[in-house]
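The values are calculated or read from the model by the stated rules, or taken from the named source; none is laboratory data. Model, not experiment: these values are computed from the prediction. Neighbour counts are summed over all protein chains in view; Cβ atoms, including those assigned to glycine, are modelled from backbone coordinates with ideal geometry.
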Amino acid sequence: MKRPLTIILLVVVGSLSLFLLGRLLSNSEVLYLEPNEALEQKVELGDSQFLLGGLIRPGSITTDGDVLRFVVTDFTNAEILVRTTETPPELFSDKTGVFLEGTFEGDEFHATTLLLRHEETYEAPTEAP
Amino acid sequence: MIALLGDLGVLAGLFGAIGLLLQGSQALRTGTTPDMKRMMQLLFGGAIVSMLALQIALLTDNFSLSYTANNHASTTPFLFKISTAWSALEGSILLWALMLGIFGYLMWRNYRKAPDSLGAVAIGVLGLVAVFFFGMILTVANPFEVCTAAAQTGCLESSLNPFATAEVPLQGRGVNPLLQNHILVAIHPPFLYVGYVGLTVPFAYAMAALALNQPGPEWARRSHKWTLVSWSFLTVGVLLGGLWSYEVLGWGGYWAWDPVENASFLPWITATALIHSLAVQLRRGIMQSWNFALAISTFGLTILGTFLTRSGAVISVHSFTQSPVGPAFLGFFLFIVVGSMALYSVRASDSASENKVGSLLSREGGILTNNVLLTVWTVTVLLGTIYPIFVGVFSDRTISIGRAFYDKTSLPITLVLLLVLGLSETAPWKAATKATLADRLYLPAMAGLTTSALSVLLGLRSRGTILAAGLAVFILAGPTLRLYRLASAAASRRDMSLFQAAANIVRRDRAYWGGMLSHVGVAVIAVGIAASSGLSVTTVGLNIDMGQTVNFNSYELTYVSGFTASNPQRNEIGANVLVKRDGRTIGTYQPQINTYPTIAIPTPAVVAGFGQDLYLSLKNIDGDHILLDVHVFPLQWMVWLGGFVIAAGGLYSAQGRKARDSEEALKRTSA
């Protein structure tokens, strides 16, 4: 009978690939933090890479050559200054969120990728502009 | 008034769904074949009335409903007024219910012709699913809630009671700008939903066959066509989402392995496996137990996917409304999984096929291998998608899984998939002799190897592209050679032209040759994906002053002038960019930023070309200079063309299950 051998082989191959998949998964983990959490854990974070999600504070965008800076905030009003050479969504307002991947460098967050969050819900200004 | 009409439609639908469920369970207990006409009329008619009521409310700018007040404005262009009916949560659930009505009606039409308990129980299962959807529309996702407290624009409070006194706002909030920026996003959801909802049909027949303990080819025969059609629509739906992302969002891509994208892709992978293994069951009477499992998991994944997108359980750039609908979907998902798995395990011993796959060197051997690979792919993508939820539950960290995980795992899996596909697509059933395989595969394999070798000689260095190109030619050449040989033999035998002979062969066995057409699409899209990602060139933040010319890749870009345009619903600001390539003027393109009351959306200009796309995304415009993100995506068109060819092959294949004809043709072709 070949059967027991096949089963053993399948179990071995299966668990091996699951183990590899698990390793790859935990290696691909990117911590997601909002500004208040990021500030709280700043010391532990050190220079490790994480995903920062929040809202761009309107009017906070400044340019300095290729370097762009803006402030990312959240509902607790925690603020983090972000520096990036990626192009920012200049005309996006506080209604639009951003996801930034990068690391703390001193007090600044250095973002290497910048993604915009697009929402399904939408609110027009309650006061006419 | 309109709220009452809508609610009555939903009630009728719910009533019909409950009726079908009861009639189905009666059929299960007694083996009778009830007349399900009335209840199906209620279900389908109710869904139509509700959708019509919502459309009337939108087209007449009736802001007494909170749905219209919050998702619609009188300035919205006509087309997007119609699509607003599914652009927000409540309406999209109603669209789902309407699709269930359509598929239910089609199932009932087949049932009416030859009533049997399998058909009745399957319709009962669809009724059960419809009870959940209509129930949700009536309670937590009701698009007919009456606005009871209006803001200046939009609605603050609303009531489920259709007789509540309405406070009507003067103007609505308007549909989300992203959802009225391009026609693609208006048609992407219906396609996706036809695909999603259609996959209820194989699930319903599978459950019916298990419940009645009637394994055998019948449930598979009835499921196969619907699975093919739904799968084709799902293909187009996913593709349109990618195309929209590419044409509209301006981030320079079409697929990001975002959880919401994965949610639409997971049932696609399992449905791909299902259409192949159903064909094997119909042809060879094997893999039945596996087919039950696939039909159940495909349906389960559509529900799980909706839960993921609607619950906020995972971090996604696509943020859909979070509402009580999320937990409801999770509950329904668990109910489906527990219920169907229990039934499946009770019946498993009876449903296992008597025959086994004889030899791996056969068509079914290849399909079995690729079914395993597709399952591995599904598990991998699913793990990456839901892993963050488990981390969130068992620790206080919130995490996200980066693209790299999916790219790293998908590349080897898809390359092996393509290889096995090419090896087995022309192989005969049962068992192939080595001589037959060699005869059918030698030339295609040589063509593939030559392509890869040539691309290396021509200086291509992207490993994925080199392999994909070789495999694509291999996959293309197999069925082409087969068709050519069969056609030239038939042509000389019957004295007709080669083309005519080929057309006859294809028409006689649409099921098979439709599948081969899909494989051509797979070959094309594989090259498109590999080349557009592996060979792309990107520059972000390219600054161009007015009148200045900048070189990028083989292009010369000149910022000629700026422009602004004003529409009722949006303002447009953009740049006229003159594009030259190798000294020849290609034209003036207008990347722009569309500004809606609170949000601005860049709309890229795509200079589509045969060799490559030039993709211009305007990031900022400020009097005398513009800031552009510029990408070059080689062979991008192959992604879109390949995808549509895959779907077209599926639809063509779905016509071809007129049993006897194709059986004979298959005998002839595999002889």
Inset, instruction - Could you tell me whether any residue of the range B:401-414 is within 11 Å of chain A (Cβ to nearest Cβ), at pLDDT below 95, buried (at least 16 other Cβ atoms within 10 Å of the Cβ) and outside any helix (DSSP H, G or I)? - result: yes
Inset, instruction - Scan the range B:513-558 for residues that are crowded, with 23+ Cβ neighbours inside 10 Å and either on the phi > 0 side of the Ramachandran plot or hydroxyl-bearing (Ser, Thr, Tyr) (or both) and jot them down. - result: B:Ser518, B:Ser532
Inset, instruction - Please state which of the following conditions B:Asp622 fails to meet, knowing it meets all the rest: (1) away from chain A (no Cβ under 14 Å); (2) at pLDDT below 85; (3) out of contact with any helix residue (DSSP H, G or I) (no Cβ under 7 Å at 6 or more places or on another chain). - result: (1)
Legend entry - Filter result (over 20 Å from B:Ala271 (Cβ atoms) and touching a Pro at 6+ places or on another chain (Cβ under 8 Å)) within the range B:514-547: B:Ala531, B:Ser532, B:Leu535, B:Ser536
Legend entry - Matching residues, the range A:34-62, being among the hydroxyl-bearing types (Ser, Thr, Tyr) and either within 12 Å of chain B (Cβ to nearest Cβ) or farther than 13 Å from A:Val72 by Cβ (or both): A:Ser48, A:Thr62
Legend entry - Residues within the range A:15-42 that are charged (D, E, K, R) and under 19 Å from B:Asp407 (Cα atoms), tallied: 2
Inset, instruction - Confirm whether B:Ser232 is in contact with a Phe, Trp or Tyr (Cβ under 8 Å, 6 or more places away or on another chain), surrounded by 24 or more Cβ atoms within 10 Å (Cβ to Cβ), within 27 Å of B:Asn291 (Cα to Cα) and in contact (Cβ under 8 Å) with a residue 24 or more places away in the chain. - result: no
Legend entry - Whichever residue in the range A:102-127 is facing chain B (nearest Cβ under 8 Å) and modelled with pLDDT of 55 or more and, among such residues, is surrounded by the fewest Cβ atoms within 10 Å (Cβ to Cβ): A:Arg117
Legend entry - Qualifying positions in the range B:421-443 - part of a helix (DSSP H, G or I) and surrounded by fewer than 18 Cβ atoms within 10 Å (Cβ to Cβ): B:Lys434, B:Ala435, B:Thr436, B:Leu437, B:Ala438, B:Asp439, B:Tyr442, B:Leu443
Legend entry - Number of the condition not met by B:Ile102 [criteria: (1) at pLDDT 95 or above; (2) within 20 Å of the chain's Cα centre (by Cα); (3) crowded, with 21+ Cβ neighbours inside 10 Å]: (3)
Inset, instruction - Please note which strands (runs of 3 or more DSSP E) are completely contained in the range B:518-586 and include at least 1 residues that are within 30 Å of B:Thr76 (Cα to Cα), more than 14 Å from chain A (Cβ to nearest Cβ) and of a type in the set (S, T, N, Q). - result: B:555-566, B:571-581
Inset, instruction - Determine if the range B:209-221 includes at least one residue that is within 25 Å of B:Val10 (Cα to Cα) and in contact (Cβ under 8 Å) with a residue 40 or more places away in the chain. - result: no
Inset, instruction - Take B:Ala141 and decide whether it is at pLDDT 95 or above and touching a Ser or Thr at 6+ places or on another chain (Cβ under 8 Å). - result: no
Inset, instruction - Those residues that are over 21 Å from B:Val194 (Cα atoms) and touching a helix residue (DSSP H, G or I) at 6+ places or on another chain (Cβ under 9 Å), I need them from the range B:625-640; list them, please. - result: B:Phe633, B:Pro634, B:Leu635, B:Gln636, B:Trp637, B:Met638, B:Val639
Inset, instruction - Check B:Thr585 against each of (1) over 29 Å from the mean Cα position of the chain (by Cα); (2) modelled with pLDDT under 85 and name the one condition it does not meet. - result: (2)
Inset, instruction - Tell me which residues, restricted to the range B:146-166, are in contact (Cβ under 8 Å) with a residue 24 or more places away in the chain and either within 14 Å of chain A (Cβ to nearest Cβ) or closer than 30 Å to B:Arg29 by Cα (or both). - result: B:Ala150, B:Thr153, B:Gly154, B:Cys155
Legend entry - Residue match in the range A:23-32 (condition: farther than 30 Å from A:Leu81 by Cα, out of contact with any Gly (no Cβ under 7 Å at 6 or more places or on another chain) and either within 13 Å of chain B (Cβ to nearest Cβ) or in a helix (DSSP H, G or I) (or both)): yes
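For every residue, the table says whether it meets (1) closer than 30 Å to B:Asp622 by Cα; (2) modelled with pLDDT of 90 or more; (3) touching a Cys at 6+ places or on another chain (Cβ under 9 Å).
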residue	(1), (2), (3)
B:Ala489	no, yes, no
B:Asp495	no, no, no
B:Asp509	no, yes, no
B:Leu517	no, yes, no
B:Ala531	no, yes, no
B:Asn543	yes, no, no
Legend entry - Criterion (over 24 Å from the mean Cα position of the chain (by Cα) and either under 30 Å from A:Leu45 (Cα atoms) or in a helix (DSSP H, G or I) (or both)) met by exactly one of B:Gly365, B:Gly326, B:Gly358: B:Gly365
Inset, instruction - Output the residues belonging to the range B:216-252 that are over 16 Å from B:His188 (Cβ atoms) and out of contact with any helix residue (DSSP H, G or I) (no Cβ under 7 Å at 6 or more places or on another chain). - result: B:Gly216, B:Gly250, B:Trp251, B:Gly252
Legend entry - Sole exception among (1) buried (at least 22 other Cβ atoms within 10 Å of the Cβ); (2) within 13 Å of another protein chain (Cβ to nearest Cβ) for B:Pro143, by number: (2)
Inset, instruction - For residues that are part of a strand (DSSP E or B) and either within 14 Å of another protein chain (Cβ to nearest Cβ) or more than 29 Å from the chain's Cα centre (by Cα) (or both), tally how many sit in the range B:588-614. - result: 10
Inset, instruction - Test B:Leu304 against the criterion of being surrounded by fewer than 20 Cβ atoms within 10 Å (Cβ to Cβ) and away from every other protein chain (no Cβ under 13 Å), and give yes or no. - result: no
